[in-house]
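Reviewing the structure listed below.
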Amino acid sequence: MNKSFHVCICLVLSLTFSCGKGSDSVPSAVQIRTPQGAFNWEACKGQSLYISLNKHPYTEALILEIPEFERLTGIKVDYNILAEEEYFEKLVINLSTRSRNLDIFMTGPQLNWGYIDSGWVEPLDTFLGDKAYLPEDYGIEDFYPSLLAANRWNKIPGKSNLGRGNLWAVPIQVETYIIAYRKDWARKANVSAPQNYRDFYAFARELNRAEQKRGIIARGLGTWPTINTGFITGFSSYGCVDFDEDMKCRINSPRAVEFTRLWIKTIKDFGPSDWPNITWYDGKQKFSSGEFGMYPDCDFFAASYENPAKSNVVGRVAYALPPAGPENNISSNLWSWCLAINSSSPRKVASWLFLLWATSRDQLLATAIRGNMNPTRKSVWEDPEVRNITDNWVGYREVVDKNLNAYAAVQWTPQKAFIAVGDRWAKALQEIWSGKDAQRALDEAAAEIEKIVANAYKK
Amino acid sequence: MKNRPRQNAKDTRKKVLIYSGIVLFLIFALFPIFWIFLMSLKTDKEIIASIPKFFFRPTLENYEAILFGLKAAGTETSRPDFILYFKNSLIITSGAVIVSLLVGVPAAYALARFKFKFKEDIAFTFLSFRFAPEIAVIIPIFVIYRSLGLYNTYIGMILVYQLITLPLIVWIMRGYFEDIPDSIEQAARLDGYSWFSIFRKISLPLVKPGLASTAILSFIFAWNNFIFGLVLGAKETFPVTVGTLGFISYESVLWGQMAAASMVTILPEIIIAFFIQKYLVRGLSLGAVRG
Amino acid sequence: MPIKNSFSRRAVPYFFVLPALFLTIGILYPFILSLYYSLTDYRLGSAAIEFIGFKNYLVIFSSASFWRSLGLTAGYTAASLVLQIGLGLAGALLLNNDVKGIQVARSLIILPLMMPPVVAALMWKVIMAPNGVLNYLTGLVQFSWLGTNTAALPSLLIIDTWIYTPFVTVILLAGLRSLPQEPYEAAVLDGGSPWFIFRTLTLPLLKPFIFITALFRTIDSLKTFDIIYATTKGGPGSSTMLLQVKAYFESFRHYSMGSALSMMMVLWLVIFVMSRVLVGFWARSSRQALGR
């Protein structure tokens, strides 16, 4: 391939792909404060915002409130909603082509790492650090500190780097991972929720025996969400980590192999025979239909379990903290839906206004009441209306309270190839379930994962 | 005369075999669709029940939900986007097929009838448009569309759907055109008719059955496409396939509504196929022409 | 007799063909772009793109998982061809009889094709669940069709066959019905057995149509993505990781665009070669059928 041809292609490509580069710096023309010093919500009057949303109770609640935002600010909002998988595919296409037709999108800490490293996300500290851009009543201290910390990263791979650096997104929902189980089966079998993972297998077995039905269900697809919920929660309680400080992959450490064996054996012996295809909604539905004894997964699925229109097990579900590991430590992973700003957006101030409004106490309360669980502001979690809702789910509130306040944190090590690493890890679990030796499968996965990360960070 | 009774027995045996074969085929083809139809009449709870239910009280709530956007119990709200997506599919798919027919049928005719330089290369080029793996081309097409302003437009979608419909129409119609005996057209040429009028008045009518089935097939393939609609469109132009996947929401999979949506989705295809079916009977007369 | 002058006579076919060519010339840019990216280390999100020649290709050619994926794709395509052409032909022959009610049957047989593959696959996932209706009807207890290593690919084949056999049936049926009737009447009068008639009369004339359906089914099968995406996503393990699914993971999830595109270029080439071969068969059988 001769050089001039190469140069031509590069020109064509750079033209195509760089249309849309160059984000506006905060325009000084925008008067975010009135001459009297009050916060000016109408600073960007007349502009239009493009928002990409994932199909979620939060979204369903948010779009009902958007007309209020339009009235308050004079900004017109155009939103697109897609189901989760399609949403992320479309999002990646938009972000990677530096689209100027996307301002705000929904994301989460783990997924954001890849986007942040690629420079697709706007750092929010420029706004947060400037008192002018923060309304007095915003109350940023109202957010759970661990959630804001989960969204800070200095782009350097390594656990100690989470919580440092810029804030990249504002959380609007949080979920931790607990064990939801059938208390009627447990009573029948005369067992109580396992306090330690050494009782985990026996618990599943007894539930299985009690009703001659399967004792446990869990996610099983060969993708990162399979690791993200119950699995990595137990993994962390065992004191294991995905990467150590030198970014060596440790998913095959002796302790890690021990836990993985336990997890998979429990599922293999007492779980669904089509486990490799079980998605989060399969698990939720099958538990709600009454076929399984426990589902170690998202806490807020309780809303479905206790809904007579969707569940056959209303009132028969108990909620327990995840068990402790050998050193008697309890850890839970968390996931948090957040709002972020596209770094290629030409309307950053308007986007910031939307962010402020959508994450204000009133808005988050409104969405929480309409089903967006769990809230990310302490005051919303403590609000009587929210209390009312969670009190209907017996045993839910105490467990989640403890988890949120003491045990839940992002257990993954931040690095840009999160999805690739998570997918490869999940595939190893599938192989072990299908009969491969756990040590071998995890050794191979660890080696490949280190290659993946090395490739991602080459240059 | 003495063969009659044996002949009748043979005929009946043959008929029985044929009928049983057809019934077997139909069972295999239709049972899943029947099951999906049942799903569309069940509540979500009944669908996920541990033992498959054949008997239940049917409900129309799923159809109501997708057509009129009734608020389902719980936190799920269905907005009536489904009708919009349905309309989009109708416009885009019909448009794509019509364009492909207008442009592809003459091309097929030329490939069947004429000898000209690069003929087989051009024919193969048409075919090669279908080779493109979607994953490979979707991002470049997305970028082009954005810069040309074709993103989220009906025209853009109709254009990209040509990748699906055009090769099909050109190659299958080519076969049907080649089937027409040369003699008929030679006769008309000798009578002084131009190529265009032969094409219009003689060749086209003769291939109507093939044209019908090809049109149906390309309509179906275009209607069923998912990836182009997802990536190159937004809520104004999403086809019904993208909409159907939207029933996998955060709360749960709304199987009942998804099944109802699938049933409604098939409807235009069935209607079109039914009307065009009549033409397939005419196949007999085509055979007669080749006396 | 007006005889057209030689220029416009020669130009006529090009006029017929030009509009169609024009429309689809647009695929050239994505093709060239994909080819170029496959020769770089392009990652979604990295600002710098470096030309690395055939390095991507060398990497995938020395990767066992790539060959496994290619093998699965080839095997899947071959098996689905055999199944679908076989069943499709049988169906077309059955439906070619003018018995009572045949019109209804002919209209109904096409129904599976009308379901969007993604939706059909999702519904089949429910049908094939361990406590689903398929196990109920076949008496199997808690058998996981799509979740068992060895059964997943065959199960996907069943779904694929269910969806696409009508395509073959419709085309072959239309082909059967366009065949001239007199040779048959003559052969029957002469006392030929059905099998003999089929082999010497029907099959040769039907071969062009068979090859056309084989052509389109091969192209689409090699590119299989929708059904797998909606059900197993390449699992369990990698037992259903066909090539385009693998490329999807590489590009959209792991951001290795250059590497994914090299796989897709290989797939493109395989499709190209297979199509050339099948078009060759089609052309020869077409000439034979038309007696040229």
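May I ask you to list the residues in the stretch A:51-82 that are more than 13 Å from every other protein chain (Cβ to nearest Cβ) and of a type outside the set (Val, Ile, Thr)?
A:Glu65, A:Pro67, A:Glu68, A:Phe69, A:Glu70, A:Arg71, A:Leu72, A:Gly74, A:Lys76 - these are the residues of the stretch A:51-82 that are more than 13 Å from every other protein chain (Cβ to nearest Cβ) and of a type outside the set (Val, Ile, Thr).
Give C:Leu205, C:Leu179, C:Leu243, C:Leu189 a once-over and let me know the one that is in contact (Cβ under 8 Å) with a residue 60 or more places away in the chain, of a type in the set (A, V, I, L, M) and more than 30 Å from B:Ala132 (Cβ to Cβ).
Working: C:Leu179 fails: in contact (Cβ under 8 Å) with a residue 60 or more places away in the chain; C:Leu243 fails: more than 30 Å from B:Ala132 (Cβ to Cβ); C:Leu189 fails: in contact (Cβ under 8 Å) with a residue 60 or more places away in the chain.
C:Leu205 is the lone residue from the list that is in contact (Cβ under 8 Å) with a residue 60 or more places away in the chain, of a type in the set (A, V, I, L, M) and more than 30 Å from B:Ala132 (Cβ to Cβ).
Could you list, in sequence order, the residues of the stretch C:206-235 that are more than 14 Å from chain A (Cβ to nearest Cβ), part of a helix (DSSP H, G or I), hydroxyl-bearing (Ser, Thr, Tyr) and within 26 Å of A:Pro276 (Cβ to Cβ)? Step through it out loud before you land on a result.
Our first condition is that a residue be more than 14 Å from chain A (Cβ to nearest Cβ); within the stretch C:206-235, this holds for C:206-224.
Those left that are additionally part of a helix (DSSP H, G or I): C:206-222.
The next check asks that each one be hydroxyl-bearing (Ser, Thr, Tyr); those that pass are C:213, C:218, C:221.
The one that is more than 14 Å from chain A (Cβ to nearest Cβ), part of a helix (DSSP H, G or I), hydroxyl-bearing (Ser, Thr, Tyr) and within 26 Å of A:Pro276 (Cβ to Cβ): C:Ser221.
Output the number of the condition that A:Glu86 fails; it satisfies all remaining conditions of (1) in a helix (DSSP H, G or I); (2) within 11 Å of another protein chain (Cβ to nearest Cβ); (3) in contact with a strand residue (DSSP E or B) (Cβ under 7 Å, 6 or more places away or on another chain).
Condition (3) is where A:Glu86 drops out.
For the stretch C:134-161, give me the residue count where each residue is within 12 Å of chain A (Cβ to nearest Cβ), in contact (Cβ under 8 Å) with a residue 40 or more places away in the chain and in a helix (DSSP H, G or I).
Number satisfying all stated conditions: 4.
So in the stretch A:346-382, with the set limited to residues that are farther than 22 Å from A:Pro135 by Cα and part of a loop (DSSP other than H, G, I, E, B), which one is modelled with the lowest pLDDT?
A:Gly371
Being within 13 Å of chain A (Cβ to nearest Cβ) and touching a residue at least 60 places away in the same chain (Cβ under 8 Å) is the requirement here; does C:Thr40 meet it?
Numbers: within 13 Å of chain A (Cβ to nearest Cβ): yes; touching a residue at least 60 places away in the same chain (Cβ under 8 Å): yes.
In short, yes.
Report whether or not A:Asn392 is within 14 Å of chain B (Cβ to nearest Cβ), polar (S, T, N, Q) and surrounded by fewer than 23 Cβ atoms within 10 Å (Cβ to Cβ).
Values: within 14 Å of chain B (Cβ to nearest Cβ): yes; polar (S, T, N, Q): yes; surrounded by fewer than 23 Cβ atoms within 10 Å (Cβ to Cβ): yes.
Yes, satisfied.
Taking A:Glu70 and the conditions (1) surrounded by fewer than 21 Cβ atoms within 10 Å (Cβ to Cβ); (2) touching a helix residue (DSSP H, G or I) at 6+ places or on another chain (Cβ under 7 Å), which numbered condition does it fall short on, given that it satisfies the others?
(2)
Residues that are within 14 Å of chain A (Cβ to nearest Cβ) and either farther than 20 Å from B:Ser262 by Cβ or touching a residue at least 40 places away in the same chain (Cβ under 8 Å) (or both): does the stretch C:69-87 have at least one? Steps first, answer last, please.
Here is the first cut: in the stretch C:69-87, the ones within 14 Å of chain A (Cβ to nearest Cβ) are C:69.
Imposing the further condition that a residue be either farther than 20 Å from B:Ser262 by Cβ or touching a residue at least 40 places away in the same chain (Cβ under 8 Å) (or both) reduces the set to C:69.
Scanning the stretch C:69-87 turns up at least one residue that is within 14 Å of chain A (Cβ to nearest Cβ) and either farther than 20 Å from B:Ser262 by Cβ or touching a residue at least 40 places away in the same chain (Cβ under 8 Å) (or both).
Considering only residues that are under 15 Å from the mean Cα position of the chain (by Cα) and surrounded by 13 or more Cβ atoms within 10 Å (Cβ to Cβ), which ones fall in the stretch C:60-81?
Result: C:Leu72, C:Thr73, C:Ala74, C:Gly75, C:Tyr76, C:Thr77, C:Ala79, C:Ser80, C:Leu81.
Mind listing just one residue for me: the one in the stretch A:214-232 that is hydrophobic (A, V, I, L, M, F, W, C) and outside any helix (DSSP H, G or I) and, of those, farthest from the chain's Cα centre (by Cα)?
So the first thing to find is which residues in the stretch A:214-232 are hydrophobic (A, V, I, L, M, F, W, C), and the list is A:216-218, A:221, A:224, A:227, A:231-232.
Now narrow it down to the ones that are outside any helix (DSSP H, G or I): A:216-218, A:221, A:224.
Working: A:Ile216: 23, A:Ile217: 20, A:Ala218: 17, A:Leu221: 17, A:Trp224: 11 Å.
Out of the qualifying residues, it is A:Ile216.
Just one of C:Val118, C:Val59 is in a helix (DSSP H, G or I) and touching a Leu at 6+ places or on another chain (Cβ under 7 Å); which is it? Quick ask: steps written out before the conclusion?
Numbers: C:Val59 fails: touching a Leu at 6+ places or on another chain (Cβ under 7 Å).
The conditions single out C:Val118.
Failed condition for C:Lys100, given (1) without any contact (Cβ under 8 Å) to a residue 40 or more places away in the chain; (2) buried (at least 16 other Cβ atoms within 10 Å of the Cβ), with all others met?
Every listed condition holds for C:Lys100 apart from (2).
When you look at A:Ala302, is it within 7 Å of another protein chain (Cβ to nearest Cβ), out of contact with any Lys or Arg (no Cβ under 6 Å at 6 or more places or on another chain) and of a type in the set (A, V, I, L, M), yes or no? Talk me through it step by step, then tell me what you get.
On the way: within 7 Å of another protein chain (Cβ to nearest Cβ): no; out of contact with any Lys or Arg (no Cβ under 6 Å at 6 or more places or on another chain): yes; of a type in the set (A, V, I, L, M): yes.
It is false that A:Ala302 is within 7 Å of another protein chain (Cβ to nearest Cβ), out of contact with any Lys or Arg (no Cβ under 6 Å at 6 or more places or on another chain) and of a type in the set (A, V, I, L, M).
Inspect all residues belonging to the stretch A:125-143 and state whether any of them is under 30 Å from A:Arg250 (Cα atoms) and part of a helix (DSSP H, G or I). Working first, answer last.
As a first pass, look at the stretch A:125-143 and keep what is under 30 Å from A:Arg250 (Cα atoms): none.
No - not one qualifying residue is present in the stretch A:125-143.
Among the numbered criteria (1) buried (at least 22 other Cβ atoms within 10 Å of the Cβ); (2) touching a Leu at 6+ places or on another chain (Cβ under 8 Å), which one does B:Ala222 miss?
(2)
The values are calculated or read from the model by the stated rules, or taken from the named source; none is laboratory data. Keep in mind it's a predicted model, so treat the numbers as computed, not measured. A quick note on method: Cβ atoms are made from the backbone with ideal geometry, for glycine too, and the neighbour counts reach across all protein chains shown.
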